[in-house]
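The values are calculated or read from the model by the stated rules, or taken from the named source; none is laboratory data. As the structure is a prediction and not an experimental result, all values here were calculated from the model. Here the Cβ positions follow ideal geometry from the backbone for every residue, glycine too, while neighbour counts run over all protein chains shown. Accessible surface is based on the protein model in full, side chains and every heavy atom, while ligands, DNA and RNA are left aside. Shrake-Rupley method; radii C 1.70, N 1.55, O 1.52, S 1.80 Å.
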Amino acid sequence: MPTTTARKISLAFAGGLGALAVTAIAALIALQRLATDRALVAHTYDVRGELRTLDAELREAKSDVRSFLLTGDSAYVIHYLDSVDSAEAAFAAVRRLTADNPAQRQRLDSLRPVLEQRVRSLGVTASRRSEVARGTPPEVVEQLAEGEQLAQRVITSIGSIDSVEGTLLLRRAAAQSETEVAARIVVIVLGVLGLGLAGAMYRSIGRDLARRARAEEALRESEAKFAGILAIAADAIITVDAGQRILHFNHGAEQIFGYPEEEIVGQPLDVLIPPRYVPAHRGYVDEFARSPEMARRMGHRRQVSGMRSNGEEFPAEASISKLTTPRGVLFTVVLRDVTEQTRHERGEHLLAEAGRRLVSTLDYDEVLRLAVQIAVPDLGDWCILDVIERADDEGIKIRRVTSRHPVQEADAALRAIEAHGLDDDAPSRVLDILRTRQSELLASVSSDWIEAHTEPAQLSAIRALDARSLILVPLLSGDRVIGALSIGASSSRRPLDETDRALAEALASRVTLAIENARNFRLARRATAARDEVLSVVSHDLRNPLSAVTMYARVLLDHPPTTETERRPLYQSVLDAADWMHRLMQDLLDAASIEAGRLSVEMEPQSVAQLVDASVQMFQARADALGVRLAVDVDPSAPIVEADAARVQQVLGNLIGNALKYTPSGGTITIGAEPRGEEVVLRVRDTGAGIAPQHLPHLFDRFWHVRGASRTRGSGLGLAIARGIVAAHGGRIWVDSAPGEGSTFWFTLPRAIVGARDQLPDPTEHRGAPA
């Protein structure tokens, strides 16, 4: 297997370092040995020097004794004592220097008694100067002779010791010279070997560098091609090192993440990942680095999330591969932004879920609640549904339903918006959507826009929703608009766009279908209930007049009276019963016509006073029988009205007849009229027991009764028919009542247009209190 250039360079460097290390070690050993030898030579010189000092001091002491004996000068005694001290110090120094030489130490230890005896002998001789002055005594002569002998022994011993040190000195000097020669030889040999090895490696590396230059040229060409491919790739291609720092960031990554390459290279990969996923992602990459796999799809079977430079998170699909290089492991991530794909999938899932949930019930209220909650939170943060409950000449009645919100403040705001509702004269943009039947996208909602399109009472609640983008979609059923959906997004999520608008329109079509189905089901149930009520009314109310007819006919057939006078009451009773049945059937027919919108009226100028008088005359006899007073209070200035006289008398008749049921004997029923602008207001006021507040909203419903309050039980159609007739005239009807204070029923009729009788008033101009 050929050796790579990098390996050769490493070997050359290692060899050079090895040769240098060996040379250094050899030099250090030689220098250490040389230093040791030099230290030994110096030591020997020191020993011989101290021996010579000892010898000189002893000779000096001997000379001082002789000089003292000859001259008697005491200065020689003092000098003698100094010489003795110096000799002692020299002896101690020699003994210390020869501590590592047991033989020399032994010689010195045997010399010490001789030295001490020699010193004593000199001292005794010096102390006997007076005797020497009178002649030399034999003892002094002996002492001098003994001193000479001792001195010769000392000199001989010192010479022997010095001779040994001299021999040692010669040997150590020779060893020092040999060490110096060996060190020079080793350094020269290693230097020559190092130069030879370096030359060989230089030639081999030169050849390898030439080959590398050619390979690098080919590599640069390949990298240029690769860079071109990466530059046009739509996917993000990112390379990071083992520390997860970004080394490469292609153009596709710049487009997806929003960072320029020069800004992001060198940064940690964590900046491209949502903070909550950073620890898990680092662990994932570390685990992949230790695994034997070379490539893997990140997240396996689920999506991962990225984060753009503006902080927006987005879904992505990613794959990761690793490459081991001399600089360490490199990881390359190929990432694709799947925001649009994910949005499409979520949209399809949202619509499928909407279809499934909306068909799960036919309850109208439940459908409305489901409709506003389906869009949250996948499409928006909150949703408001405005449904047209009624649209007629009196105006439109809109029911508002809002979604729930996980944030308490926002949820309270939505509840307040739902409770306030939506009036048909509010500045809300929803009313424009209901009129134009066109959806609208507001990608950016400003505070000024909110203030301009919101009622002051609801402004704080709308602001609490933090709406930053908005979609308004009409609910269209064929050529009718039945309501609108408002879907809003707060500043914490991306703004709504055209894709969301298309999804909202598709959702609105499903919501519309569900609402219409729920309404049809409710109407079917009401129709069934109405049918059952009609059957109940027919079976109950027709039974009484039919029984009367049967009874009187039986009497006339089986036991006919003999005189005309006796038979007439029976005939009249049969006619009254037939008329009773006729009125009941007419009420049922009128109610059906009103329900179907086919009630016809023939509008002609009519006198209000005449209409009131005619109606009062119809009930005067009945009122007298019940002990109830009928009073008329018509303003003399009341203008002519445009009305169907028979139908208006039917309304007044129903109201007066209804008042007679609930007014006790001794009470009063007042029928009046007065002009108000372009209308004439008629009223029927009684002094009866009044109506409880909970019953007021149902008074004009078909087949509805206040149980147990009237003298007789009717069909429950009178007030419903009255409202239908008034509405056909373009007017409105309502009631004011309180328990114990009686009731007042009001209705309006349009003034007659003088000189233009064929131009009827615009019904849309007559909007007032609800029926």
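Quick check: is even one residue across the range 712-725 open to solvent by 40 Å² or more (accessible area, probe 1.4 Å) and at pLDDT 80 or above? Walk me through how you get there before you give the answer.
So the first thing to find is which residues in the range 712-725 are open to solvent by 40 Å² or more (accessible area, probe 1.4 Å), and the list is 712-713, 723.
Applying the additional criterion that residues be at pLDDT 80 or above yields 723.
Yes, that holds for at least one residue.
Identify all residues within the range 686-703 that are open to solvent by 40 Å² or more (accessible area, probe 1.4 Å) and touching a Phe, Trp or Tyr at 6+ places or on another chain (Cβ under 8 Å); write none if there are none.
ALA689, HIS698
Can you name every residue in the range 493-513 that is surrounded by 22 or more Cβ atoms within 10 Å (Cβ to Cβ) and in a loop (DSSP other than H, G, I, E, B)?
The one that is surrounded by 22 or more Cβ atoms within 10 Å (Cβ to Cβ) and in a loop (DSSP other than H, G, I, E, B): LEU496.
When you go through SER486, SER490, SER439, SER446 one by one, which is the residue that is open to solvent by 50 Å² or more (accessible area, probe 1.4 Å), on the phi < 0 side of the Ramachandran plot and either at pLDDT below 90 or out of contact with any Pro (no Cβ under 6 Å at 6 or more places or on another chain) (or both)?
Answer to the check: SER446.
Among residues belonging to the range 356-410 that are open to solvent by 40 Å² or more (accessible area, probe 1.4 Å) and assigned to a strand (DSSP E or B), point out the one that is modelled with the highest pLDDT.
My answer is ARG399.
Residue under question is PRO697, and the condition is that it be of a type outside the set (Gly, Ala, Ser), at pLDDT below 90 and farther than 20 Å from ARG390 by Cβ; does it hold?
Answer is no for this residue.
Please count how many residues of the range 639-686 are hydroxyl-bearing (Ser, Thr, Tyr) and either touching a helix residue (DSSP H, G or I) at 6+ places or on another chain (Cβ under 9 Å) or free of Cβ contacts under 8 Å to residues at least 24 places away in the same chain (or both).
Of the range 639-686, the ones hydroxyl-bearing (Ser, Thr, Tyr) are 662-663, 665, 668, 670.
Still in the list and also either touching a helix residue (DSSP H, G or I) at 6+ places or on another chain (Cβ under 9 Å) or free of Cβ contacts under 8 Å to residues at least 24 places away in the same chain (or both): 663, 665.
Number of matching residues: 2.
All but one of (1) over 23 Å from ARG308 (Cβ atoms); (2) of a type outside the set (S, T, N, Q); (3) touching a residue at least 40 places away in the same chain (Cβ under 8 Å) hold for ARG480; which doesn't?
In the conditions (1) over 23 Å from ARG308 (Cβ atoms); (2) of a type outside the set (S, T, N, Q); (3) touching a residue at least 40 places away in the same chain (Cβ under 8 Å), ARG480 misses (3) alone.
So if I check each of ALA752, ALA771, which one is modelled with pLDDT under 65, buried (at least 16 other Cβ atoms within 10 Å of the Cβ), within 18 Å of VAL601 (Cβ to Cβ) and among the hydrophobic types (A, V, I, L, M, F, W, C)?
Answer to the check: ALA771.
Can you tell me how many residues within the range 202-235 are part of a helix (DSSP H, G or I) and at pLDDT 70 or above?
Qualifying residue count for the region: 20.
Do the conditions hold for ALA39, that is, is it modelled with pLDDT of 70 or more and of a type outside the set (Asp, Glu)?
Criteria not met by ALA39.
Have a look at LEU34, LEU54, LEU69 and point out the one that is within 27 Å of THR167 (Cβ to Cβ), open to solvent by less than 40 Å² (accessible area, probe 1.4 Å), modelled with pLDDT under 70 and not basic (Lys, Arg).
When all the criteria are applied, what remains is LEU34.
Out of VAL265, VAL329, VAL285, I need the residue that is aliphatic (A, V, I, L, M), in contact with a Phe, Trp or Tyr (Cβ under 7 Å, 6 or more places away or on another chain), open to solvent by 40 Å² or more (accessible area, probe 1.4 Å) and over 24 Å from SER492 (Cα atoms). Which one?
Working: VAL329 fails: in contact with a Phe, Trp or Tyr (Cβ under 7 Å, 6 or more places away or on another chain); VAL285 fails: open to solvent by 40 Å² or more (accessible area, probe 1.4 Å).
Matching residue, one of VAL265, VAL329, VAL285: VAL265.
Restricting to the range 726-737, and then to whatever is over 19 Å from GLY672 (Cβ atoms) and among the aliphatic types (A, V, I, L, M), can you tell me which residue is modelled with the lowest pLDDT?
Ranking the qualifying residues of the range 726-737, first place goes to ALA728.
Filtering the range 294-311 down to residues that are among the charged types (D, E, K, R) and modelled with pLDDT under 85, which residue is most open to solvent (accessible area, probe 1.4 Å)?
ARG301
Do you know which of the residues in the range 312-326 that are under 24 Å from TYR259 (Cβ atoms) and open to solvent by less than 40 Å² (accessible area, probe 1.4 Å) is farthest from the chain's Cα centre (by Cα)?
So in the range 312-326, the residues under 24 Å from TYR259 (Cβ atoms) come out as 312-323.
Of the ones still in play, those that are also open to solvent by less than 40 Å² (accessible area, probe 1.4 Å) are 314-316, 318, 320, 322.
Working: PHE314: 12, PRO315: 14, ALA316: 17, ALA318: 22, ILE320: 26, LYS322: 31 Å.
This residue is LYS322.
Looking only at the range 449-463, which residues are under 25 Å from the mean Cα position of the chain (by Cα) and open to solvent by less than 50 Å² (accessible area, probe 1.4 Å)?
Matches in the range 449-463: ALA461, ILE462.
Filter the range 626-651 down to the residues that are at pLDDT below 85 and of a type outside the set (S, T, N, Q), then identify the one that is surrounded by the fewest Cβ atoms within 10 Å (Cβ to Cβ). Before the answer, list the steps.
Taking the range 626-651 and keeping what is at pLDDT below 85, we get 636-638, 646-647, 649-650.
If we keep only those that are of a type outside the set (S, T, N, Q) too, we end up with 636, 638, 646-647.
Working: PRO636: 5, ALA638: 19, ALA646: 12, ARG647: 22.
For the range 626-651, the residue satisfying everything is PRO636.
Quick one: GLY194 ticks every box in (1) at pLDDT 75 or above; (2) open to solvent by less than 30 Å² (accessible area, probe 1.4 Å); (3) in a helix (DSSP H, G or I) bar one, so which box is it?
Every condition holds for GLY194 apart from (1).
Given the conditions (1) of a type in the set (Lys, Arg); (2) loosely packed, with under 12 Cβ neighbours inside 10 Å; (3) outside any helix (DSSP H, G or I), which single one is not true for ARG276?
(3)
With ILE671, ILE656, ILE691 as the choices, which residue is within 60 Å of the chain's Cα centre (by Cα) and not hydroxyl-bearing (Ser, Thr, Tyr)?
Exactly one residue qualifies, and that residue is ILE691.
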